[in-house]
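Every number in this text was worked out from the coordinates using simple rules, so none of it is lab data. Worth saying up front: this structure is predicted, and the values here are computed from it rather than measured. Neighbour counts run over all protein chains shown; Cβ positions are idealised from the backbone, glycine included.
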Amino acid sequence: MTGQTMFDKVWAAHEVVAETPDTPAILYIDLHLIHEVTSPQAFAMLKAQGWKVRRPERTLATMDHSTPTRSEEFFRDLPIKVDAASRQVQQLERNSQEFGVELFGLRDARRGIVHVISPELGATQPGMTIVCGDSHTSTHGAFGALAFGIGSTEVGHVFATQCLLQRKPRTFAVNVTGHLSATVTAKDLILAIIGRIGVSGGTGHVLEYRGEAIRALSMEERMTICNMSIEAGARAGMIAPDETTFAYLQGRPRAPKGAAWNDAASRWQSLPSDRDAAFDRSVDIDACTLTPMITYGTNPGMVLPIGGAIPIRTDDAVHDKALAYMGFHAGDSMLGKPVDVVFIGSCTNGRMEDLEAAARVLKGRKVARGVHLLIVPGSQQVKQAAEEAGLADIFKAAGADWRESGCSMCLGMNGDTVGAGKYSVSTSNRNFEGRQGVGARTLLASPYTAAASAIAGKVCDPRTVL
Amino acid sequence: MQPITHIRSSTVLLPNSNIDTDQIIPARFLTVTTKVGLGKSLFADWRYLKDGTANPEFVLNQPAAQGSQILVAGDNFGCGSSREHAPWALLDYGIRAVISTSLADIFCNNSLKNGLLPVIVDVPTHRWLLAHPGAMVEIDLRALRLTLPDGTHTSFPLEAFARHCLLQGQDELSFLRSKLADIELYESCRH
Ligand code: SF4
């Protein structure tokens, strides 16, 4: 018998009822994360039926997507500018109270982007099943959890039963050999992976990132990798837990303590895929050959090494449409392209190490005239840590705009937008048309590249300033 | 939910691949707390000009597209954000089925839960549909069959349980709730 993959093990441990040809599996959900945008309709369903949240203790709520990032609005000295957003935030406050769900509300020091705070609290743990009405739930796979995004109807299913009906996805090994050079980040690696397998390459699969280059990554870097699994179309992304994982988790508020820690750690040690486990698909990537990456089009698969030229494709209407939207031409070099806005933040790159990377570039330098550099920490805890470490002072001295935590310009539904026709170098995860506001043109890159471009006032290879 | 057995309609085409849910409904329309009325925001940034009037170039605004219930889209339709507002907006607008060579996983799940039918076809059929905008086609959910105007047909796959629920007009949650005893047993064995 061949061995099991990590995914197989986590799946098997959560099967309440196995799948049959006629019915999907009933999968138990250990942790349900919710936020203000995708939960209201699910709470409304519960109310209409007169049901409770079945396991409120397995449910955590935060507000991040529509929350403002300006301190004045944030602390309600001023009203939230976007009226409907304010209603949505209040609705979550009421729903959480009515259904007994723990909420990290607007003024809570532990509030932040849902995928940043759950790991930070130690609530995200190896071997768990974790869902959220948000596609970037894949982030939590960095801990060896099976974590995936669901729609609002499924949020209602989890509320009512703590379970989901699921067909078992297939497995896909992403083997990354070698090592990343010092100026090439986890963000560059995941962009290169997406460029390689394509934006629908992972459809129907759970990716497992493996190999020495992955082992060498910190937890925050692993989260950056797993976060963007959905950008390859994958159901989820996972990385085997190891000493790095345990060291990150130990002592966090929601992590097991004392004897329970030892029990948990020994259980977690059995999670990694067996040596002889077979994957349905695989791809090999050599980390040594990678350079900083940047996107040029309107999906994350339209990506190239920063020194490269936009490919020339004949008879490709999608490519032509993307370049027309971006105002670029096939054959153009990305270096030197104009930049109006630089956004450093999001659940992809809004954690402490990302801010440290940005600070390394920005220290003692000034943001170019005419460029708006917006730096938004992923959580209030990240914000506080960055202020204590002096990073916020470096940012402000450079001329950056330093805000309260939230999704901010990652999706532009909270008042933070790039502006029509303007160019943004962004550390977020999606360069879709209008993602950062109507008409916004987004170039996805690492915090190094983003910060270097803010200084230069144009797209800049970070290796020239590091 | 109303049971679905057949959908017969002319098609409307959006041939680009990788149309993401931010295009289907941009984030600024997600501040709602209900599902109703999202149809007016469907493809908002393509459908309306800056001044808010209809963009005559966009396919949904063309006379031939009016009343069409079947959208033929490029590969990997519905990728990106998990927002269920995307199928809600399509349904509210009047689209009842999406035909493509592939759909993004979460979008496909969300569609099935709301009675928006995902129809995955082979490349030649897809190509034929793209070459014949407005073709009158019929989707038979019982037989899992798509019939083209000349009477030729092709079968399409659909997850068995989702198909059963759509045919019966049954909610998946009622099935899940019927298994609460199993769920309790699982919980008690684990803890
Ligand atoms: S930061 Fe962006 S990608 Fe992450 S949860 Fe918020 S909106 Fe989604």
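No other residue among A:ARG403, A:ARG351 is within 15 Å of the chain's Cα centre (by Cα) and touching a residue at least 40 places away in the same chain (Cβ under 8 Å) apart from A:ARG351. Taking the listed residues A:PRO40, A:PRO68, A:PRO21, the one that is surrounded by 19 or more Cβ atoms within 10 Å (Cβ to Cβ) and under 30 Å from B:LEU167 (Cα atoms) is A:PRO40, with no other qualifying. Considering only residues in segment B:87-96 that are out of contact with any strand residue (DSSP E or B) (no Cβ under 9 Å at 6 or more places or on another chain) and more than 9 Å from chain A (Cβ to nearest Cβ), the one that is surrounded by the most Cβ atoms within 10 Å (Cβ to Cβ) turns out to be B:ALA89. Would you please name the residue that is nearest to the ligand (Cβ to nearest atom), looking only at residues in segment A:440-464 that are of a type in the set (S, T, N, Q) and more than 22 Å from A:CYS226 (Cα to Cα)? Residue satisfying both the conditions and the ranking: A:SER453. Taking segment A:235-308 and the strands (runs of 3 or more DSSP E) fully enclosed by it, the elements with 3 or more residues that are closer than 30 Å to A:LEU466 by Cβ and away from chain B (no Cβ under 14 Å) are at A:281-286. Within segment A:329-356, the set of residues being assigned to a loop (DSSP other than H, G, I, E, B) and either surrounded by fewer than 18 Cβ atoms within 10 Å (Cβ to Cβ) or within 16 Å of the ligand (Cβ to nearest atom) (or both) comprises A:HIS329, A:ALA330, A:GLY331, A:ASP332, A:LEU335, A:GLY336, A:ASP340, A:GLY345, A:GLY350, A:ARG351.
Scanning segment A:387-439 for residues that are on the phi > 0 side of the Ramachandran plot, within 16 Å of the ligand (Cβ to nearest atom) and not in a helix (DSSP H, G or I) returns A:GLY406, A:GLY412, A:GLY415, A:GLY434, A:GLY437. Might you let me know whether segment A:176-186 holds any residue that is under 30 Å from A:ILE26 (Cα atoms) and not charged (D, E, K, R)? Taking every residue of segment A:176-186 in turn, none turns out to be under 30 Å from A:ILE26 (Cα atoms) and not charged (D, E, K, R). Only residues that are touching a residue at least 60 places away in the same chain (Cβ under 8 Å) and farther than 29 Å from A:ARG107 by Cα were counted across segment A:363-383, and they come to 7. Of the strands (runs of 3 or more DSSP E) lying entirely inside segment A:31-142, those carrying at least 3 residues that are within 16 Å of the ligand (Cβ to nearest atom) and of a type outside the set (Gly, Ala, Ser) are A:31-34, A:129-132. When each of B:THR101, B:THR53, B:THR21 is tested for being among the hydroxyl-bearing types (Ser, Thr, Tyr), more than 7 Å from chain A (Cβ to nearest Cβ) and in contact (Cβ under 8 Å) with a residue 60 or more places away in the chain, the lone residue that passes is B:THR21.
Is it fair to say A:ASP340 is touching a Lys or Arg at 6+ places or on another chain (Cβ under 7 Å) and charged (D, E, K, R)? Give the steps one after another, and end with the answer.
Details: touching a Lys or Arg at 6+ places or on another chain (Cβ under 7 Å): yes; charged (D, E, K, R): yes.
Yes; evaluated as a whole, the condition is true for this residue.
In the set (1) within 14 Å of chain A (Cβ to nearest Cβ); (2) closer than 30 Å to A:PRO40 by Cα; (3) touching a residue at least 12 places away in the same chain (Cβ under 8 Å), the condition left unmet by B:ASP75 is number (2).
Any chance segment A:457-464 includes a residue that's in a helix (DSSP H, G or I), free of Cβ contacts under 8 Å to residues at least 40 places away in the same chain and over 26 Å from B:PHE77 (Cα atoms)? Yes, the conditions are met somewhere in segment A:457-464. Could you please let me know if A:ASP30 is under 23 Å from the mean Cα position of the chain (by Cα) and within 12 Å of chain B (Cβ to nearest Cβ)? Taking the combined requirement at face value, the residue satisfies it. Those helices (runs of 4 or more DSSP H) of segment A:155-230 in which 1 or more residues are of a type in the set (Gly, Ala, Ser) occupy A:186-197, A:212-215.
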